[in-house]
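Visitor: I have a structure I would like to understand better, so I am pasting it below and will then ask my questions one at a time.
The values are calculated or read from the model by the stated rules, or taken from the named source; none is laboratory data. Model, not experiment: these values are computed from the prediction. Note that we place each Cβ from the backbone using ideal geometry, even for glycine, and neighbour counts take in every protein chain shown. Quick note on the areas: whole protein, heavy atoms, side chains included, nothing else; ligands and nucleic acids left out. Shrake-Rupley method; radii C 1.70, N 1.55, O 1.52, S 1.80 Å.
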Amino acid sequence: MTALDLFSDAPSDRPAEPLVPTREEGLRRLRDFLPRAGAAYAARRNHDEGPGRRNVSRLSPWIRHRLITEEETVAAVLARHSYDAAEKFVQEVFWRTYWKGHLEMRPALWSGARDGAVALREAASPAFLARLADAEEGRTGIDCFDAWARELAETGFLHNHTRMWFASIWIFTLRLPWELGADLFLRRLADADAASNTLSWRWVAGLHTKGKHYVARADNIEKHTGGRFSPRGLAASPEPLVEADAVQPGPIRAPVPPRADLSSILLVTEEDLRPEDLDLPWPSIRGIAAFCAPDARSSAPVSEAARLFTTQAVRIAAERLAEARGLPLAWIEPGDAAALEAALGGAEQVVTGFIPVGWTADALVPVRRALAARGIPFAQALRPWDARAWPHARRGFFAFKEHLPALCRAIA
């Protein structure tokens, strides 16, 4: 049997595996996927065989929260396959890194999408809200779209290629605002990420690369879903969306580095649940505070599946670290600056993994203001992986990917 024989064209009737929010589960899934990360993945990655799919890694919820990191994922794959054989999968991991760096240089794209979704809801007519609800709950009459809407609601996950089809149908066939589609994904995906989600929706719409949009085709959907769907009535030749002014890139923020001479509290957030790997002043850390704000993703309700995965992941990771280090642990509710100040005790510094542009950074604003008022530094450790890659994300992905071989060689 060859690598390509691992998969057939038949749809999968295997049920979706539950999303267990632990590092151990992420590592198990990575080990399970490694044999298929080369030629098999390249050949079948764009096929959506149903919720029990095995042709893709299904690692994104764990990588997004860095329960397992991009670096260890790529290192494990390249230890098993040559770069040429695994290039397609390696590129997929780096797409996340590219999106993160691109948004760090253009934070207004996040705030514009966030505020745009709020404004659209506030101005919506009852008829529009009914049409929006039909799309969100899978009542459009487009067979594939409705099935994907239900899968998203039930599992908190969608195949990557399916997300592109879904977004394209949302924008060009249903004629709904892309900001509200992006907001729906934020509220329901366990792997929702401000950068990947916002910029991917913009790319489908034709806003990320001006004039280059993604159009869902019925024959392509039928082929790549093994004949499960035969959609009718999709927009055939829609024009890409346009916007008045492009946001120009600015500098990547330089975080305040942790100081080893200050007693510290470690803040654990959903942005990096592997703080053990970070360059932190561990001897000076005297306690741990866990912070998670899933409801800050949107002004609309966040799904229980997405909320549970995130909050449980943060809690489990923080408890594991506190037990391993023998440190006290406090849970900080969003907006509760007093709780963090209480957890500080006599500590002189808060240290954490880098908080990228997104809802966690938004939710921490009042906490950081309270700390600043007391003269307490909020120090962040930027991973070398990000520091090396993000400066190359100023333009499109095709310019970025020219640097991937060198970035892979730099893996420790």
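Visitor: Does residue 92 count as part of a helix (DSSP H, G or I), open to solvent by 10 Å² or more (accessible area, probe 1.4 Å), under 28 Å from residue 45 (Cα atoms) and not basic (Lys, Arg)?
Guide: Working: part of a helix (DSSP H, G or I): yes; open to solvent by 10 Å² or more (accessible area, probe 1.4 Å): yes; under 28 Å from residue 45 (Cα atoms): yes; not basic (Lys, Arg): yes.
Yes: the conditions hold for residue 92.
Visitor: For residues in the stretch 391-412 being closer than 15 Å to residue 84 by Cα and either among the small types (Gly, Ala, Ser) or in contact (Cβ under 8 Å) with a residue 12 or more places away in the chain (or both), which is surrounded by the fewest Cβ atoms within 10 Å (Cβ to Cβ)?
Guide: Filtering the stretch 391-412 for residues closer than 15 Å to residue 84 by Cα gives 401-409.
Next, from what is left, pick out any that are either among the small types (Gly, Ala, Ser) or in contact (Cβ under 8 Å) with a residue 12 or more places away in the chain (or both): 401, 403-408.
Numbers: 401: 17, 403: 17, 404: 20, 405: 12, 406: 10, 407: 19, 408: 18.
My answer is 406.
Visitor: Right, next: Scan (1) out of contact with any strand residue (DSSP E or B) (no Cβ under 7 Å at 6 or more places or on another chain); (2) open to solvent by 50 Å² or more (accessible area, probe 1.4 Å); (3) more than 20 Å from residue 281 (Cβ to Cβ); (4) not in a helix (DSSP H, G or I) for the single condition residue 369 breaks and write down its number.
Guide: It is condition (4) that residue 369 fails.
Visitor: Just to be sure, is residue 299 under 30 Å from residue 180 (Cα atoms), in contact with a Leu (Cβ under 9 Å, 6 or more places away or on another chain) and open to solvent by 20 Å² or more (accessible area, probe 1.4 Å)?
Guide: Numbers: under 30 Å from residue 180 (Cα atoms): yes; in contact with a Leu (Cβ under 9 Å, 6 or more places away or on another chain): no; open to solvent by 20 Å² or more (accessible area, probe 1.4 Å): yes.
Criteria not met by residue 299.
Listed here are the residues, each with its yes/no results for (1) outside any helix (DSSP H, G or I); (2) within 16 Å of the chain's Cα centre (by Cα); (3) among the acidic types (Asp, Glu); (4) more than 28 Å from residue 188 (Cβ to Cβ).
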residue: 286; (1), (2), (3), (4): yes, no, no, yes
residue: 300; (1), (2), (3), (4): yes, no, no, no
residue: 310; (1), (2), (3), (4): no, yes, no, no
residue: 314; (1), (2), (3), (4): no, yes, no, no
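Visitor: Looking at 360, 352, which is the one that is in a helix (DSSP H, G or I), polar (S, T, N, Q), at pLDDT 90 or above and farther than 12 Å from residue 286 by Cα?
Guide: Working: 352 fails: in a helix (DSSP H, G or I).
Answer to the selection: 360.
Visitor: Let me ask something else about it. Do you know which of the residues in the stretch 123-175 that are of a type in the set (S, T, N, Q) and either under 21 Å from the mean Cα position of the chain (by Cα) or not in a helix (DSSP H, G or I) (or both) is nearest to residue 236 (Cα to Cα)? Spell out the reasoning first.
Guide: Initially, the stretch 123-175 is screened for residues of a type in the set (S, T, N, Q), giving 125, 140, 155, 160, 162, 168, 173.
Right, trim to either under 21 Å from the mean Cα position of the chain (by Cα) or not in a helix (DSSP H, G or I) (or both) and you get 125, 140, 155, 160, 162, 168.
Numbers: 125: 28, 140: 18, 155: 30, 160: 22, 162: 18, 168: 11 Å.
This residue is 168.
Visitor: Considering only the stretch 199-217, I want to know if a residue exists there that is surrounded by fewer than 22 Cβ atoms within 10 Å (Cβ to Cβ) and on the phi > 0 side of the Ramachandran plot.
Guide: Yes; the residues of the stretch 199-217 include at least one that is surrounded by fewer than 22 Cβ atoms within 10 Å (Cβ to Cβ) and on the phi > 0 side of the Ramachandran plot.
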